[in-house]
1. Can you find a residue in region A:28-42 that is surrounded by 18 or more Cβ atoms within 10 Å (Cβ to Cβ), touching a residue at least 24 places away in the same chain (Cβ under 8 Å) and within 21 Å of residue A:153 (Cβ to Cβ)?
2. What number of residues within region A:360-370 are touching a Gly at 6+ places or on another chain (Cβ under 6 Å) and part of a loop (DSSP other than H, G, I, E, B)?
3. Hey, can you tell me all the residues within region B:211-269 that are of a type in the set (D, E, K, R) and touching a strand residue (DSSP E or B) at 6+ places or on another chain (Cβ under 7 Å)?
4. Scan region B:108-121 and tell me whether some residue there is buried (at least 19 other Cβ atoms within 10 Å of the Cβ), of a type in the set (A, V, I, L, M) and under 19 Å from residue B:2 (Cα atoms).
5. Pairs needed: first member in region B:55-66, touching a residue at least 24 places away in the same chain (Cβ under 8 Å) and farther than 14 Å from residue B:22 by Cβ; second member anywhere, small (Gly, Ala, Ser) and assigned to a loop (DSSP other than H, G, I, E, B); C-beta distance under 7 Å; at least 6 residues apart or different chains.
6. Just checking, which of B:21, B:37 is outside any loop (DSSP other than H, G, I, E, B) and aromatic (Phe, Trp, Tyr)?
7. Take residue A:8 and decide whether it is within 14 Å of chain B (Cβ to nearest Cβ) and either over 18 Å from residue B:155 (Cβ atoms) or assigned to a strand (DSSP E or B) (or both).
8. Restricting to region A:115-129, what's the tally of residues that are exposed (fewer than 14 other Cβ atoms within 10 Å of the Cβ) and either assigned by TED's automatic domain parsing to the domain that holds residue A:356 or modelled with pLDDT of 95 or more (or both)?
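The values are calculated or read from the model by the stated rules, or taken from the named source; none is laboratory data. Nothing here was measured: the structure is a model prediction, and the numbers come from that model. No Cβ is skipped: glycine too gets one built from the backbone with ideal geometry, and neighbour counts run over all protein chains shown.
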Amino acid sequence: MPSETIELRGHIIDSLILPKVLDEIIAREATFKIGEIRIGERRNDQSFARIEVSSPSADELDALVLRLRQHGAEVSEKKTVQLAAAPADGVYPQGFYVTTNQQTFVRVGEAEIEVRPALMDSAIVVDRAAKTATATKFYGIKKGMEVVVGHQGIRVVPLQRSTVRTDVFEFMSSNVSVEKPKSAVIREMAREFKRAREEKGKILVVGGPAIVHTGAAEHFEKLIEWGFVQLLFAGNALAAHDIEYALFETSLGVNLEEGALTQHGTQNHMRAINAIRGAGGIRQAVANGLLKRGIMYSCVKRGVDFVLAGSIRDDGPLPDVITDAIEAQKAMRAKLDGVTIAVMMGTMLHSIAVGNLLPATVKTLCIDINPGVVTKLTDRGSFQAVGLVTDIEPFLRELTDFIAADR
Amino acid sequence: MRKLLLCPPDYYGIEYEINPWMSRARGADTALVQKQWRGLYEKLVSLGREVLLVPPRPKLPDMVFTANAGLTVGKRFIPSNFRHKERAAEAPFFAAWMEEHGYEVIWLPADQFFEGEGDALFAGETLFCGYKFRTDVAAHRSVAEILRCLVISVELVDPRFYHIDTCFCPLPDGSAFWFPAAFDEYGQRAIRSHVPDLIDVPEEEAVHFSCNAVVLDREVVLPEGAPRLVESLGERGYHCHPLPMSEFLKAGGACKCLTMFMPQREKSS
């Protein structure tokens, strides 16, 4: 959206010029963000406001700004970003600007360019000839690339939550609490899922092995079956224990029907991994009839894309697991287009990792028995995440019940 | 005692059209012009005021409207930056005259239009300024900085009432009379919140420029044609002096437009 920054000064509060300007912006279906405001303290003190005005079209913005100038608004001079060359491959220049996961624009000369993707903890590489601005991780940097330094000429558009309808994400705000009315929240989640699918948005699930350990796999499979999962990010463990359960009916050796440790059960996950390694991978195991049920089976059967990212404590791992962390990040990022909801269940490691890759516009729900996981997620910049503190099994059971009731 | 500044109407006439009142097809009657202006001058003198006269200049017919010379506070004079080129040439004559009479002349930036007392009226300690048709908000800000006073900027929305002194008249008791529809909704609210006691002037009286009045303590010199306002003011203990102003109304002016206070305020705050 095109935007201009205007400044108002004078007795704008007593004269009601400030409310008039803001009302006029809203009345013309434009939006505003107050960048700075200083209210005069004494009667004769003047006040100051810097307001960023955005409008759907450049023409409407011009007409609006023209009108606002009558009320004394002055258009701030637009500053272009400062660029510096990367000193070496994989190294940002001094003073580089660190991105957030919010929509960001950079002004290069007369043009304002959107930074893509909306990826946090990156630097912005500007290609002036191609008129692109790219959020780039260290490994993407080549010596001499032009990187944004400082804060000048950068415009960050804060996430605008819907004002017309209150969805679960607003209802929950971004707090994590064990004292939320869980059923109401889960019912809203079910609606949110349906809405996302109606609008052709993709639902991403980031899952830990707790889904299997807690006996929630069958509910999760239903979600996959019904088309409410388009993408699964997990580690070796979820897949390994899901396959262990599919082949041996145990998860980490525990018989999930009886809840008891089976004899030599702790070896089962190793045998499961070995079986898949023997088959050459999960897809091959499904194709040759070795793997006949479970989450990974359903994913393959329903065409749900998945990325399994490795970690240092993995057994095996399964051949499908990407053990190079940077390659795993790239693989996940490559699949994020179109994702509108991310549900993170029972994994701190992968939740935070994926949170770092998501634009702020992706509605993110974190379900964990440990309240600390959501806190950590939001502390690391995924401020849009909302949390539900509960065991995975009852959560998924209730979620699938609501969806089933609505089907 | 505050002095008043007038300008004899020797060169007055409707020679151009810069507001909806003006029509070159409807010229002013020269004899009547002299008579009406004389009537005002004598009325102000009879009310015990010292009236100073700035010499009129040929080809500047509107110089007669001295309220637009500028704004005088204490011994400081802020000259107008006229929006219309037809009146722009008045400014140096007014400024020079004020300087000769011992006033410090403080010009506003040349790109900020400002039409003096016509768009800047004190009510108590607060300076009410109109904007849009003639004066810019930016000028209000500059005036506030010079005078270090609270300026309430209000948007004028009816082109017939193009200066604030055509639709708003503060009274010394803290009240004011006004024609509310001349202001936008925010301006009305701003005025209401700073001037709690307001006398609304009906449109049929406002169009006689009833708000364009010179208030000298309890004496109110205003154009004739506002019996209801005169009655309201009378009930509040004001003595009204309605004067015929037909020839000046043809240019969009009346008693107040023809008068500038010297100074409007002794001190700004």
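1. Among the residues of region A:28-42, not one is surrounded by 18 or more Cβ atoms within 10 Å (Cβ to Cβ), touching a residue at least 24 places away in the same chain (Cβ under 8 Å) and within 21 Å of residue A:153 (Cβ to Cβ), which makes the answer no.
2. Final tally of qualifying residues: 0.
3. Step one: of region B:211-269, the residues of a type in the set (D, E, K, R) are B:217-219, B:224, B:228, B:231, B:235-236, B:247, B:250, B:256, B:265-267.
Passing the criteria: B:218, B:219, B:224, B:256, B:265.
4. Let us first name the residues in region B:108-121 that are buried (at least 19 other Cβ atoms within 10 Å of the Cβ), namely B:108, B:113-121.
The next check asks that each one be of a type in the set (A, V, I, L, M); those that pass are B:108, B:120-121.
Then drop every residue that is not under 19 Å from residue B:2 (Cα atoms), which leaves B:120-121.
Yes: region B:108-121 contains one or more residues that are buried (at least 19 other Cβ atoms within 10 Å of the Cβ), of a type in the set (A, V, I, L, M) and under 19 Å from residue B:2 (Cα atoms).
5. So the pair list comes out as B:60/B:89.
6. On inspection, the qualifying residue turns out to be B:37.
7. Taking the combined requirement at face value, the residue satisfies it.
8. Residues that pass the stated criteria total 1.
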